[in-house]
Amino acid sequence: MIRMLLGAAFFAALFMVVPRAATAQDVTLSARGGGVEVSGTLLSFDGEFYRVDTVYGVLTLDSQAVLCEGPGCPGLEAYVAEFTLSGARSMGAVLMPALVESFAARRGLKIRRLIEDDDNFTYLLSQPETGHDAARITFRLSTTGEGFADLLAGETDLVMALREARADEVAHALEAGLGDLSDPARSRVVALDALVPVVSRENPLQRITVGALVALLSGAEASWPGREDPVVLHGPPRGSGLEELLADHLLGPAGASLAQGLRRHADDAALADAVARDPLGLAVTRMSETGTARVLRLTGACGMSPEPTRRSLKAEDYPFAAPLFLYTPARRLPLLAREFLGFLSTPAAQIVVRRAGFTDQGREEIPLAAQGERLANAIAGAGPEVTLQELQRMAASLRGAARLTTSFRFRGGSTTLDAQSAGNVAQLARALDSGAFAGRELIFVGFSDGEGGAAANRRIARRRAQEVRDAVHAAAVWADPSRTTLSVEAFGEALPMACDDSDWGRRVNRRVEVWLR
Amino acid sequence: MALKRRLIAGGMTLAAAAVIGHFVHPDGSLFTVMKPRHTAPLAAGSAAALEGAAVVPLAAQPDARLLPEPATEWGLPILPQDAATQLGPPRIKADLPGRVAALDAGYAPPRTDGQRFNQYGLRCETALRAEPGAGGMVTLRLEAPCQPNARVTVYHDALRFAVRSDSSGLLTVALPALREQAAFLVTLPDGSTASAVAHLPEMAEYDRVALQWQGRAAMRIHAYEFGAEFGQPGHVWAEAPASPEKGAEGEGGYLVRLGDAGLAQPMMAEVYSFPRGTSRRDGAVRLTVEAEVTDGSCGREVEAETLQRGADGAMRTAALSLHMPGCEAVGEYLVLKNPLQDLKIARN
């Protein structure tokens, strides 16, 4: 731990988080009440805390509690929070700037955007009364991979990522003293998105199976299903986050890779527009940027067809979710940057996310009446394994309750929550802390895939539901346990959401839902 | 339609005349206008107005090229500058108001504001009317008979631009309203203002974005509707602006360019409108901002503002500084896709 902190300190001293004027200067910090006094070399000041190298080691002191004297003292007024966001263009073009602008506007700060070009720009936030600059927030837009590379090189403070950090990126960051990027504390989901296949509006095709889509994307199949017309594949720029998502979620699991001879486009908007113009065109893109193209509905081999909607993305019922992440290194960011990160999980930020064309993470309730397709699936799947009695028990125990969009899903084959679900634990705990469910009952309902026996599946589902309930309970430190009942229920494979014949289908089915009564 | 008018107090025209009242005599000597031959009460007023005029920022001052030439023959005694427009009641030098006031406590001196006339005998009153039109457009009609060829700055919400009135002080300008209850304000070189409001219920059907800038920067909005490419139908910009009528029929968006680039310090704006409510298509409208690299702008910062709907649905202004490429790139364009967010249209 200490080694990591020292490592972070070393990095902080080396790179840009340190205001240049404050480097290697002597300061004396004395407690405002008098008594304690320490002297040393000021390593950094982030607008809130002094980090001082003293004979006792590196100390971090709250600037509110101490007085600073000496040539190295930064002016509190003159302090300008500087930080950089680097990474995915799809995230940095509209979404993150809109969030910065909204954050600054709510703070009453004056905003000016200094533009070098579309990929390099800086927000200058200043106090309207005094004209003092409060922050300089720099954006560098490229790809997710470049963003992580910038983090390793000390050229950015935050990474905008369309995917989770890869194993090699995690290893390099650990080596560089930036902390464990795979730790949920190092990343947060800013907005939700998903991969969707798109075609021109002139294309008569409405649905496609995942298998047929993969065959077309990999070039194994060259013409449209049931037609002789050739498929013209369009794609994102080489090395983009979208291409990585395609490989990770769609092609990789099927052992396929993207076909050669794909027509590549400069950005996601150009990709969607090109497909919209090409009657034979096909591409997989992000749901937030389908432009004028039409979304092709995906189906599983058994006919179940999860639809990409705002609610199904929030509930992770759509299998090809692609949330947008912000990664932070394990070092103290300027106060204003930390406050900005705090702003991202507020309801105000969710409105901005939605306005920017992405799916927000605001919690919604889905009444039983709006779940007809799911119930139809359940009835269709009833038989010797899932009996009518079991379905009736489910209907009875969920009567009068509504499903929250907050759901929990697990990484392939494990009991570890995936990234979006890990964020959901904290989000649900915050809601409990704030008394959002006071006087009501939260039911954690476990479901499983259809592999194996029904009784065993029900046991597994119940254990998962208990684990999630316990995790939420542990995270909600301020919640009054007498005000909200947290109960557990399990129905195993009774309510399938996707076909069990594929990895992605089973992953969608293995879940813990939260119902509110 | 509610009309509000406000004329600035009497000394202001006089003040403007005094500010510009330094001429160079043909013989080369600096020739200053004689001390005004006003009576005492007016002189006090003009001094106050002069003080006021001294703090007017340079940008707000009237365009010198547009001001009427002094009508006097050189060499002849010069009349006070406001004499031509002073056709109201003759001034009584013997301080009649003062003397009458001493006799009658209820006496108020006659108001002479608004009772001046121009050379055609029209009252010097500034009037503004706002008429709603198709496509959420409003036609502003300004009458300022005593201020011909004047720089008129129009303000509406956060939008602002400067145009020039004609030789009879008339101005007609059509602009897209940015709200249902739209208020308009114009300011004139003499500091007088006029305002008008219009109600545009159909305004809610429109998505609008605007770009505005000051100075000689060559900037444009380009809108590419539903996948249109440059020069194709559906590419809407200053050189293919489409019409508000087309917008009203749900065919597509239209662009209005506002401001007079020929003024000394131009204030320009472009507004793109898309009829979201009546659109017959759905998809995306891509919006880009284009700035031409010119001899005047190369290697410099160019300031501009964008107006677009914020998260709360209200129009929000964002200040931009564009770092223009160096002068070797003169004639090229800086094209920015991100300052204006694309419109996503879902058909009802």
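So the values come out like this:
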{"read-out": "Pairwise label distance in nanometres, B:Thr317 with B:Asp282, each label 7 Å out on the Cα-Cβ vector", "value": "3.5"}
{"read-out": "Segment A:386-514: relative contact order in percent, alpha carbon pairs under 8 Å with at least 6 residues between", "value": "35"}
{"read-out": "Where chymotrypsin sites (Phe, Trp or Tyr not before Pro) in DSSP loops with at most 16 other Cβ within 10 Å are excluded, longest remaining stretch of chain A", "value": "A:57-477"}
{"read-out": "Segment B:176-302 - percent relative contact order, Cα under 8 Å, separation 6 or more", "value": "28"}
{"read-out": "Distant alpha-carbon pairs in segment B:298-348 (separation over 17 angstrom), percent", "value": "51"}
{"read-out": "Modelled FRET efficiency - R0 56 Å, A:Val477 with A:Gln260, Cβ distances, 0.05 increments", "value": "0.55"}
{"read-out": "Projected label distance in nm at A:Arg311 and A:Ser345, using a 7 Å step from Cα toward the beta-carbon", "value": "2.6"}
{"read-out": "Accessible area buried between chains A and B, both sides summed, probe 1.4 Å, in Å² to nearest 100", "value": "2400"}
{"read-out": "Proximal aspartates and glutamates to B:Lys344, defined as alpha-carbon separation beneath 13 angstrom and excluding residues fewer than eight positions away on the same chain", "value": "A:Asp273, A:Glu289, B:Asp207, B:Glu225, B:Asp282"}
{"read-out": "Shape of chain A, Cα gyration tensor, a/c cut at 1.5", "value": "oblate"}
{"read-out": "Drop in accessible area of at least 30 Å² in the complex versus isolated chain, residues of segment B:313-348, 1.4 Å probe", "value": "B:Arg316, B:Ala319, B:Leu320, B:Ser321, B:His323, B:Leu336, B:Lys337, B:Asn338, B:Gln341, B:Lys344"}
{"read-out": "Estimated distance in nm for a label pair at A:Arg106 and A:Gln466, the labels positioned 7 Å out from Cα along Cα-to-Cβ", "value": "3.9"}
{"read-out": "Placed amide H near A:Gly357: partners under 5 Å, 5+ positions off or other chain", "value": "none"}
{"read-out": "Helical mean residue ellipticity (222 nm; -39500 (n - 2.57) per DSSP H run of 4+; nearest 500) of chain A", "value": "-9000 deg cm²/dmol"}
{"read-out": "Counted charge near B:Ala177, where neighbours are those whose Cβ lies closer than 10 Å (Asp, Glu -1; Lys, Arg +1)", "value": "-1"}
{"read-out": "Rounded to whole Hz, the Karplus (6.51, -1.76, 1.60) HN-Hα couplings of segment A:505-512, x for glycine and proline", "value": "x, 5, 5, 5, 6, 7, 7, 10"}
{"read-out": "Carbon plus sulfur fraction of accessible area for segment B:132-283, probe 1.4 Å, in percent", "value": "50"}
{"read-out": "Tensor-based shape of segment B:211-348 (alpha-carbon gyration tensor, a/c under 1.5 rounded, otherwise prolate or oblate)", "value": "prolate"}
{"read-out": "In sequence order, calculated HN-Hα J values of segment B:116-133 (Karplus, 6.51, -1.76, 1.60; Hz; x Gly/Pro)", "value": "8, 9, 8, 5, 9, x, 8, 5, 7, 10, 9, 10, 10, 10, 10, 10, x, x"}
{"read-out": "Prolate/oblate/rounded label for segment A:382-511 (Cα gyration tensor, a/c 1.5)", "value": "oblate"}
{"read-out": "Separation between Cα centres of segment B:271-326 and segment A:110-187, rounded to whole Å", "value": "25"}
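The values are calculated or read from the model by the stated rules, or taken from the named source; none is laboratory data. Remember, it's a predicted structure, so these values are computed and weren't measured experimentally. Neighbour counts are summed over all protein chains in view; Cβ atoms, including those assigned to glycine, are modelled from backbone coordinates with ideal geometry. For the accessible areas, the whole protein counts, side chains as well, though only heavy atoms, and no ligand, DNA or RNA atoms are used. Shrake-Rupley method; radii C 1.70, N 1.55, O 1.52, S 1.80 Å.
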